[in-house]
């Protein structure tokens, strides 16, 4: 099984900056309620770099990514 | 409905849902208003604090490298801790010299402990002797006052600003100028020969030097103004928050002596710090300008181009959010997880303070409890308490809820040892 990245957004911590959706619009969207949502629960390992940037850009650490080696 | 008006005649936004909405819609429906603060503009024009939209996002993206999780752990564990050790050593020496428990100003102690962090975050060289630390400390205090000059009400704005600009010139000559030049050279060398010259550490000056296309869209003074913002932000919130916490906790412990046993508990101290910032908002109101006609969640209509004051002090004390005793300090306060325990002292939405995690810690990393808890734990391990002979001094010359001095004594200084010494 190939490695993949698990993506989670903690809605209680998300303040809707939208930074994640701007860095990775194919993986995140800002919902009408004003918080970010992930479009997929798992992304291929090739997305790791952009996901790390989204995680680090989030000022409330609402995004958590974990590499799943499979 | 008659709108409440604040300083400068601005409409005040006080309803919690409206406050949240305006802060979250900044960059989308609302913009910043740097033109309102004349003196602050001299120090911070074009800094990330005052940008909107795409410029703001691009600057945050560039500067995120300064605040990665690993960098924050480095600042906290490898920079702040030794400086705290040094501060403790200074205090212990003074205790030995006087044979007692010296009364010292906590504002100065905390600021001094954070000097190294500021140097590491910005990328300032030469902060390697007690004399250099003292000089940078004095400069940082002046810059910190300068950023807040617009809020002074005691007629000292021009005189203070003159002093601040003199200190800033000293900062450029001694620290900023040489440090920026060295980083520009390091970045150039790395680009020319990536294998022979490893990338320099991602401090602020390095990431700015690494992104000339972005920086050159402003004038050549931008890196200095950005460094000024980072200096003020790295010190300001933690220093005032820690000082308010010590004052509030002293009163709390008089009524709740059973909580003395919790003064070694990082979670308890984190809650106390959050309560202090919630009650003592960092600004009286955050200004925002409507980019279009907007209807707030409460139904209030805001016409295009109106400038608003977002009353984060009021929202931090709102009883519908924080309970009937919202005006009181209570480190055991229960609240919904979605509510920031610090109120809006770190702002909100896309302008949420970049250093939020720096100050409050990272729940995913055991080695990152944040600058505030790190400092508070150390202070209470030394038996800090307010000096019974000299009460805290509020700065009455400003509309900000600032403490000018907090005299404290330490009952457990003797025997304190330092690794720096």
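Computed over chain B with a Gaussian network model linking Cα atoms closer than 10 Å, the most mobile of B:129, B:234, B:315 is B:129. Overall size of chain A from C-alpha positions, given as principal axis extents largest first: 36, 19, 19 Å. Build a GNM of chain B with springs between Cα atoms under 10 Å apart, and of B:303, B:16, B:34 the one that fluctuates most is B:303.
Only beta bridges with both residues in the protein assembly as shown are counted; by DSSP, about 90 percent of them are antiparallel.
Report, for chain B, the % of DSSP beta bridges that are antiparallel, rounded to 5. Antiparallel: roughly 80 percent of the beta bridges in chain B.
Packing order of peptides B:166-173, B:216-223, B:56-63, highest average first: B:56-63, B:166-173, B:216-223 (average count of other Cβ atoms within 10 Å over each peptide's residues). Per residue of A:55-64, other chain Cβ atoms within 10 Å of the residue Cβ number 6 on average.
Available extension along the chain between residue B:366 and residue B:335 is 8.8 nm, counting 0.36 nm per residue and deducting the alpha carbon span. Legend: mean number of C-beta atoms from other chains within 10 angstrom of residue C-beta atoms, peptide B:63-71, equals 3.
Calculated on C-alpha atoms, the gyration radius of region B:162-228 divided by its Kirkwood radius gives an Rg/Rh of 1.04. Other protein chain C-beta atoms within 10 Å of residue C-beta, averaged over A:6-19: 4. Distances between every pair of Cα atoms in region B:320-421, grouped in 10 Å steps from 0 to the bin holding the largest one, split as 11, 26, 40, 20, 3 percent.
Between residue B:320 and residue B:78, what length in nm is gained on full extension when 0.36 nm per residue of separation is reduced by their alpha carbon distance?
Extra length available between residue B:320 and residue B:78 comes to 83.0 nm.
Computed from Cα positions, the angle between helix A:48-57 and the longest principal axis of chain A comes to roughly 30 degrees. Its alpha carbons considered, chain B gives a radius of gyration followed by a Dmax of 21.6, 68 Å.
If you plug the beta carbon distance of residue B:301 and residue A:12 into 1/(1 + (r/R0)^6) with R0 = 30 Å, you get a FRET efficiency near 0.45. Efficiency by 1/(1 + (r/R0)^6): what FRET value for residue B:38 and residue A:40, r their Cβ-Cβ distance, R0 = 41 Å, to the nearest 0.05? Efficiency, from the Cβ-Cβ distance: 0.25. Taken over the C-alpha atoms, region B:1-154 has Rg and Dmax values of 20.5, 64 angstrom. Two numbers describe the Cα atoms of the protein assembly as shown: Rg and Dmax, which are 22.6, 70 Å.
Give me the orientation-averaged projected area of the Cα convex hull of region B:241-356, in nm², one decimal.
Convex hull of Cα atoms, orientation-averaged projection: 8.3 nm².
Taking label positions 7 Å along the Cα-Cβ direction at both residue B:129 and residue B:156, the computed distance is 3.1 nm, reported to one decimal. Helix-only arithmetic for chain B: the sum of -39500 (n - 2.57) across DSSP H runs with n ≥ 4, divided by the residue total, places the mean residue ellipticity at 222 nm at -14500 deg cm²/dmol. Across region B:229-274, the convex hull enclosing all Cα atoms gives 63 Å³ per residue. Here region A:33-49 and region B:311-371 have alpha carbon centers that stand 26 Å from each other. Relative to one another, the C-alpha centroids of region B:95-151 and region B:212-270 are positioned 14 Å apart.
Read-outs: derived from the displayed coordinates by stated rules, not from any lab. Worth saying up front: this structure is predicted, and the values here are computed from it rather than measured. Because the Cβ atoms are built from the backbone with ideal geometry, glycine has one as well, and the counts that use them run over all protein chains shown.
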